[in-house]
Amino acid sequence: MTPKKKAKAITKGSAKKTRPRKRAAGAGRSSSSTDYKASWKAASDSSRSDAARIKDFGKLTNAICDDRAVLNGMIGVLRDVKTSLDVRLAALAALQAASFATIRFRPCRPPYFAALRALATDPEPEMRNRVLGLLMREQDSLAQKLLLDGLKKPDKALVPPEKALQLLSYDVKASAYPIARRIVEQPPSSDAKAEALRLLAADAKSVGIFEQRLLDKKESPEIRQISAAALQALAPEKLQQYARDIVMDTTESPAVQATSLTALAQFGKEEDLSKDEVLSKRVERIQSSDAAQQIKQSAKQFATKYIEK
Amino acid sequence: MDVALRINNSADPRARYVTWAPSRCSIRVTNTTGIIGLNVGVELRNRPSTAGGQVLFSRNATGPWSATLNLSLPRIGTSVPFFVVGRFGRPSLADRDAVIQVRRGTTIVLATPFMVRIRKDANALTPAERDRFIAAFAQLNNQGAGRFVDFRNMHTNAGSPEAHGAPGFLPWHRAYLLDLERELQAIDPSVTLPYWRFDRPAPNLFTLDFVGVANNIGTVQFSANNPFQFWRTDGVPGVNRRPFFNTLTAGANVITEAATLALGTTYDGFQGMEGNPHGNAHTSFGGFISSIGTAARDPLFFLLHCNVDRLWARWQRQNNRFDAAQAAAFDSNLPAGNRIGHNLPDTMWPWNGLTGAQRPPTAPGGSLAMSLSAPAPGPQPRVRDSLDYQGRVTQSARMGFDYDDVRFV
């Protein structure tokens with residue numbers, strides 16, 4: 001397809017609707033028709049450079065809601081796998097930005113989401129990433145099924161396991177927990193393990209998993225910090241006790257100690273902590289030591305709240 | 001001799017927060033020891049300092065404004081009114097770092113600490129300002145169990161038509177930010193919402209110590225001493241945000257501030273900013289912030305909208321669009337009018353508590369938080385109440401916030 005023909009094909013089928021639609025009651029003022037028509041003509045001209053077209057897409061956010069031809073044309077660019085990925089992503093960004101004008105975008109939602117669903121299996125990994133994210137943020141059941149299927153059968157996965165777990169956390173369902181637990185036990189990567197733990201942090205039955213990871217000094221600081229944050233929400237009293245123990249333990253990781261001190265400073269019980277002289281002395285020692293800046297900063301937060309008061 | 005000073009018409013120290021807009025004050029004699037005659041002359045001035053908040057004084061709300069003010073106080077204790085404005089360019093750096101000194105001759109008879117509390121560029125906050133903001137915000141969230149849940153639930157797909165795609169977009173978000181800011185100030189009164197100037201690089205904002213840095217899949221990482229590491233919304237910990245621009249060297253994929261301010265001299269044209277830069281700023285990322293229903297799960301969302309509000313404030317000042325009676329200050333779309341919630345006399349959801357019919361099924365959060373330093377816009381704000389935020393048209397309409405680069409005087 002020649003560039004000119006392709007541009008024509010994109011707007012085909014919507015030519016009769018190129019007149020700006022009448023402004024809906026209560027909708028914000030539409031874009032200037034002369035400005036946006038020139039921008040749309042330029043943006044849909046596939047003979048121009050990608051950079052120039054991308055710049056023009058940025059000017060069309062309002063026009064998408066005002067003119068069905070622009071909406072359809074933009075969706076056409078988005079779905080056209082022969083168009084460069086950068087240009088397609090710019091079209092996606094413009095559609096997304098337009099979707100923020102809820103009332104004006106309302107008639108555009110059905111074709112927009114139909115296009116997104118069709119793009120969930122796009123050949124471009126980056127397009128799949130973004131589209132599955134958009135769909136999951138709308139709690140789309142098709143996207144959820146595709147992501148779960150990919151975790152169960154990695155050869156069919158549309159995105160890496162860590163990304164799938166991250167996206168599933170937009171609409172946490174108990175059906176995802178068994179897979180997440182399996183990944184924590186047998187992680188394909190450290191990122192996947194971290195995302196599986198984040199997802200399980202919504203599960204009150206996973207307290208034991210987080211206790212185990214937090215107290216295991218062989219775990220990475222990141223995994224232990226995620227576990228601390230999860231425990232602070234799921235079992236705050238347990239975390240507060242563990243956090244104190246970790247701060248008192250001079251053999252502990254400074255990063256995990258800093259997280260523990262932050263948890264105590266931010267969420268601890270003032271009546272208990274302000275009377276805890278042993279802990280206060282330990283915090284003062286950290287402050288005056290040559291420890292890493294991060295833990296000294298946490299110690300300062302704690303001291304400001306509970307010692308210097 | 002003793003005197004008593006009231007700031008924002010209140011003797012309560014919690015009311016001692018001023019902005020660039022005039023605050024009504026008064027002073028009176030409370031102990032006449034040493035006073036000879038019917039009146040005593042005093043001078044009001046700032047405590048000399050090279051940093052921190054300072055004010056200018058005037059007998060009237062309209063000025064003229066000066067660094068000192070001489071007043072004659074009746075011996076019998078009658079209050080003498082005067083006004084102060086924050087001295088532009090001299091906002092406070094910490095709570096009560098500003099002091100009004102009342103002098104009789106060379107003797108300081110009263111020193112009243114207060115704060116010139118101003119919304120600032122997030123990229124230029126001091127580490128202490130940044131840390132206070134984060135600590136208060138994390139406490140408001142309280143791992144998903146705090147008051148923040150109401151703010152998260154106000155900005156969802158269900159409530160979206162109250163706030164997006166129609167002329168009430170800017171007024172609604174102004175009230176929303178103010179409500180959140182007042183809740184933060186209930187935790188730490190020195191905190192204001194900072195703004196993310198999204199058309200410029202903000203290397204001090206996108207750091208582990210502030211709003212975090214995304215890993216390769218867009219899970220945001222925080223430093224171990226950053227309370228945001230405990231951030232939790234919708235039962236899930238953390239923040240997802242993947243930037244599609246270099247956060248250290250570039251702004252987001254938006255039109256410039258100058259281009260935004262040139263969108264039109266009437267509200268009708270200016271409100272096009274809801275698309276670009278507003279929408280484009282949101283979609284310069286993947287993750288929570290890039291969809292309406294999840295955007296409020298990311299703390300950065302509030303800094304983004306603070307800049308949207310600041311742009312409106314700048315545009316209002318540039319074009320003198322503060323008066324709801326002025327057609328160009330709002331898009332009333334007459335005679336048809338706008339959707340409910342988007343007309344000047346309409347009360348705004350959820351603060352009005354209205355549900356069902358044309359409103360969303362629930363109204364989270366109750367009425368808008370009150371402030372001792374500025375009573376406006378009241379518990380159930382109308383769209384029109386958001387326009388005169390500095391009290392230019394009606395002094396009592398002042399909402400108690402200002403931006404570091406938007407003057408009053």
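The values are calculated or read from the model by the stated rules, or taken from the named source; none is laboratory data. Here the structure is a predicted model, which means the values were calculated and not measured. Virtual Cβ from ideal backbone geometry, glycine too; neighbours counted across all protein chains shown.
Key figures
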{"quantity": "Filtered residues of the stretch A:293-309 (kept if closer than 19 Å to A:T259 by Cβ and surrounded by fewer than 16 Cβ atoms within 10 Å (Cβ to Cβ))", "calculated": "A:Q293, A:T304"}
{"quantity": "Verdict on B:G218 being at the interface with another protein chain (Cβ under 9 Å from one of its Cβ atoms), in contact (Cβ under 8 Å) with a residue 12 or more places away in the chain and of a type outside the set (S, T, N, Q)", "calculated": "yes"}
{"quantity": "From B:I134, B:I187, residue being among the β-branched types (V, I, T), buried (at least 19 other Cβ atoms within 10 Å of the Cβ) and more than 9 Å from chain A (Cβ to nearest Cβ)", "calculated": "B:I134"}
{"quantity": "Scope the stretch B:314-344; condition part of a loop (DSSP other than H, G, I, E, B), away from chain A (no Cβ under 14 Å) and at negative phi; matching residues", "calculated": "B:R321, B:F322, B:D323, B:A324, B:A325, B:Q326"}
{"quantity": "Any hit, the stretch B:256-276, residues being touching a helix residue (DSSP H, G or I) at 6+ places or on another chain (Cβ under 6 Å), within 20 Å of B:R147 (Cβ to Cβ) and assigned by TED's automatic domain parsing to the domain that holds B:L178", "calculated": "no"}
{"quantity": "Verdict on B:A163 being among the aliphatic types (A, V, I, L, M) and in contact with a His (Cβ under 9 Å, 6 or more places away or on another chain)", "calculated": "yes"}
{"quantity": "Condition check for A:L95: without any contact (Cβ under 8 Å) to a residue 60 or more places away in the chain and assigned to a helix (DSSP H, G or I)", "calculated": "yes"}
{"quantity": "The lone exception for B:D298 - which of (1) under 25 Å from B:F210 (Cβ atoms); (2) acidic (D, E); (3) at the interface with another protein chain (Cβ under 8 Å from one of its Cβ atoms) it fails", "calculated": "(3)"}
{"quantity": "Identity of the residue in the stretch B:258-269, at the interface with chain A (Cβ under 9 Å from one of its Cβ atoms) and in a helix (DSSP H, G or I), that ends up surrounded by the fewest Cβ atoms within 10 Å (Cβ to Cβ)", "calculated": "B:G269"}
{"quantity": "Residue within the stretch B:374-381 that is surrounded by fewer than 21 Cβ atoms within 10 Å (Cβ to Cβ) and farther than 26 Å from B:R16 by Cβ present", "calculated": "yes"}
{"quantity": "Sole residue being closer than 24 Å to A:E284 by Cα, part of a helix (DSSP H, G or I) and more than 11 Å from chain B (Cβ to nearest Cβ), chosen from A:R213, A:R244", "calculated": "A:R244"}
{"quantity": "Pairs with Cβ under 7 Å, 6+ apart, first in the stretch A:56-73 and within 15 Å of A:A90 (Cα to Cα) and at the interface with chain B (Cβ under 10 Å from one of its Cβ atoms), second at pLDDT 90 or above and assigned to a loop (DSSP other than H, G, I, E, B)", "calculated": "A:G58/B:N253"}
{"quantity": "Residue that is farthest from A:M127 (Cα to Cα), among those in the stretch B:230-257 that are more than 8 Å from every other protein chain (Cβ to nearest Cβ) and assigned to a strand (DSSP E or B)", "calculated": "B:T233"}
{"quantity": "Inter-residue pairs, beta-carbon under 6 Å, first of a type in the set (V, I, T) and in the stretch B:90-110, second part of a loop (DSSP other than H, G, I, E, B), 6+ apart", "calculated": "B:V99/B:R47; B:V109/B:M1"}
{"quantity": "Residue in the stretch B:175-184 that is of a type outside the set (G, A, S) and within 13 Å of chain A (Cβ to nearest Cβ) present", "calculated": "no"}
{"quantity": "From A:Q139, A:Q166, residue being within 30 Å of B:T283 (Cβ to Cβ) and outside any helix (DSSP H, G or I)", "calculated": "A:Q139"}
{"quantity": "Positions within the stretch A:139-178 being of a type in the set (S, T, Y) and either at the interface with chain B (Cβ under 9 Å from one of its Cβ atoms) or in contact with a Phe, Trp or Tyr (Cβ under 9 Å, 6 or more places away or on another chain) (or both), in sequence order", "calculated": "A:S169, A:Y170"}
{"quantity": "Residue selected from the stretch A:87-109 under the condition of a type in the set (K, R) and more than 23 Å from A:R48 (Cα to Cα), by the criterion nearest to the other protein chains (Cβ to nearest Cβ)", "calculated": "A:R104"}
{"quantity": "Flag for B:R197 being under 19 Å from the mean Cα position of the chain (by Cα), of a type outside the set (F, W, Y) and away from chain A (no Cβ under 14 Å)", "calculated": "yes"}
{"quantity": "Extreme residue, nearest to the other protein chains (Cβ to nearest Cβ), among residues of the stretch B:162-174 that are under 14 Å from the mean Cα position of the chain (by Cα) and buried (at least 24 other Cβ atoms within 10 Å of the Cβ)", "calculated": "B:L170"}
{"quantity": "Residue count for the stretch A:38-55, restricted to those that are touching a residue at least 12 places away in the same chain (Cβ under 8 Å) and of a type outside the set (G, A, S)", "calculated": "5"}
{"quantity": "Selection from the stretch B:100-135 of residues that are assigned to a helix (DSSP H, G or I), over 14 Å from B:L184 (Cβ atoms) and not aliphatic (A, V, I, L, M)", "calculated": "B:N123, B:P127"}
{"quantity": "Residue identified as among the small types (G, A, S), surrounded by 14 or more Cβ atoms within 10 Å (Cβ to Cβ) and under 22 Å from the mean Cα position of the chain (by Cα) among A:A192, A:A243, A:A174", "calculated": "A:A192"}
{"quantity": "Selected residue (only one of B:T347, B:T362 is of a type in the set (S, T, N, Q), out of contact with any Ser or Thr (no Cβ under 7 Å at 6 or more places or on another chain) and touching a residue at least 12 places away in the same chain (Cβ under 8 Å))", "calculated": "B:T347"}
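Let's see how each residue does on (1) charged (D, E, K, R); (2) under 27 Å from A:T262 (Cβ atoms); (3) not in a loop (DSSP other than H, G, I, E, B):
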{"site": "B:P171", "(1), (2), (3)": "no, no, yes"}
{"site": "B:R174", "(1), (2), (3)": "yes, no, yes"}
{"site": "B:A186", "(1), (2), (3)": "no, yes, yes"}
{"site": "B:P189", "(1), (2), (3)": "no, yes, no"}
{"site": "B:D199", "(1), (2), (3)": "yes, no, no"}
